[in-house]
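The values are calculated or read from the model by the stated rules, or taken from the named source; none is laboratory data. These numbers come from a predicted model, not from an experiment. Every residue, glycine among them, receives a Cβ derived from its backbone with ideal geometry; neighbour counts consider all protein chains shown. When the accessible area is computed, the model is the full protein with side chains, heavy atoms only, and any ligands, DNA or RNA have been set aside. Shrake-Rupley method; radii C 1.70, N 1.55, O 1.52, S 1.80 Å.
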Amino acid sequence: TFSGTAAAARTDAGTTNMNLASGQFANTNGNFKSVTFNVTDGYQTITPIDAVVTISGANNTADYDGEEHSVSGYTATADTILYDVTKDFTFNGTAAAARTDAGTTNMNLTAEQFVNTNPNFATVTFNVTDGYQTINPIDVTVTITEHSDEVAYDGEAHEVSGYDVEISNPLYTEADFSFSGTDSVSGTNVASYAMELQAADFTNTNDNFENVTFVIVDGSLEIKPIDVTVAITGHN
């Protein structure tokens, strides 16, 4: 006779034994004086499986506006519905990125920051795509208006110098470009003397602006002729 339970059931990875023992078996045949029961236990084993989890960091792109922009979080998907991405792993990184100037700041997510906590899975591979915040540089137009002057001829040298600046975006200032030309012109005799500044004389130095267009409005020094009366007295 057998007085035990020859069954074992299991859901999660591991082993559940039947817990069979020789004491559960009793001889009922009087023809046998001594019956030895050598018992090998039965069991149910569940083997852990592998899974692949895809991690995609969030990302955001904005045009430069002088303000800080940020992004946070990630999405996780598994290649099996048995793996619950809401609770079966831990994350020890920082899923956030922020930036103000043009360029890209990464979250720096790595697979090592994700750790499986479900023993039903032997090897969990985390495929990580990093998240980022990108700021795109913007365009701006800078209008350079050369100074002008108009004088009457007086036999003296005259000069005009400098220029006025008008910018299409208040985020861009005169400190954001360099000038390598000559912003002056001089003359003595009657003529129109052009300052002749060129767009190539101005160079953008602010990486937050991708295309900076320099528009030149010409200025000049105008020396105007004057009137004079010459008295002619014939000899006599």
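Mind checking whether some residue in the stretch 69-85 is free of Cβ contacts under 8 Å to residues at least 24 places away in the same chain, part of a helix (DSSP H, G or I) and surrounded by 14 or more Cβ atoms within 10 Å (Cβ to Cβ)?
For the stretch 69-85, residues free of Cβ contacts under 8 Å to residues at least 24 places away in the same chain, part of a helix (DSSP H, G or I) and surrounded by 14 or more Cβ atoms within 10 Å (Cβ to Cβ): absent.
If I filter the stretch 111-129 for residues that are open to solvent by less than 30 Å² (accessible area, probe 1.4 Å) and within 30 Å of Asp201 (Cα to Cα), do I get at least one hit?
no
From the list Glu159, Glu174, which residue is in contact with a strand residue (DSSP E or B) (Cβ under 9 Å, 6 or more places away or on another chain) and in contact (Cβ under 8 Å) with a residue 60 or more places away in the chain?
The unique qualifying residue is Glu159.
Determine if the stretch 92-102 includes at least one residue that is in contact with a helix residue (DSSP H, G or I) (Cβ under 7 Å, 6 or more places away or on another chain), open to solvent by 60 Å² or more (accessible area, probe 1.4 Å) and more than 30 Å from Ala6 (Cα to Cα).
Yes - at least one qualifying residue is present in the stretch 92-102.
Counting only residues that are part of a loop (DSSP other than H, G, I, E, B) and either open to solvent by less than 50 Å² (accessible area, probe 1.4 Å) or acidic (Asp, Glu) (or both), how many does the stretch 164-187 have?
Number of matching residues: 4.
Within the stretch 203-215, is even one residue part of a loop (DSSP other than H, G, I, E, B) and open to solvent by 70 Å² or more (accessible area, probe 1.4 Å)?
Checked against the condition, which is being part of a loop (DSSP other than H, G, I, E, B) and open to solvent by 70 Å² or more (accessible area, probe 1.4 Å), the stretch 203-215 yields at least one hit.
Only one residue in Thr90, Thr105, Thr145, Thr45 is within 20 Å of the chain's Cα centre (by Cα) and not in a loop (DSSP other than H, G, I, E, B), so which one is that?
Unique residue meeting the criteria: Thr105.
Sort out which residues of the stretch 191-202 are of a type outside the set (Asp, Glu) and either part of a strand (DSSP E or B) or open to solvent by 70 Å² or more (accessible area, probe 1.4 Å) (or both), and write them in order of number.
Across the stretch 191-202, the qualifying residues are Ala191, Ser192, Tyr193, Ala194, Gln198, Ala200, Phe202.
Of everything in the stretch 10-54, what is among the β-branched types (Val, Ile, Thr), open to solvent by less than 70 Å² (accessible area, probe 1.4 Å) and more than 30 Å from Asn116 (Cβ to Cβ)? Give them in sequence order.
Once the filter is applied, which keeps residues that are among the β-branched types (Val, Ile, Thr), open to solvent by less than 70 Å² (accessible area, probe 1.4 Å) and more than 30 Å from Asn116 (Cβ to Cβ), the stretch 10-54 yields Val35, Val39.
Inside the stretch 216-236, can you point out the residues that are among the small types (Gly, Ala, Ser), open to solvent by less than 50 Å² (accessible area, probe 1.4 Å) and either without any contact (Cβ under 8 Å) to a residue 60 or more places away in the chain or not in a loop (DSSP other than H, G, I, E, B) (or both)?
Residue satisfying the conditions is Ser220 alone.
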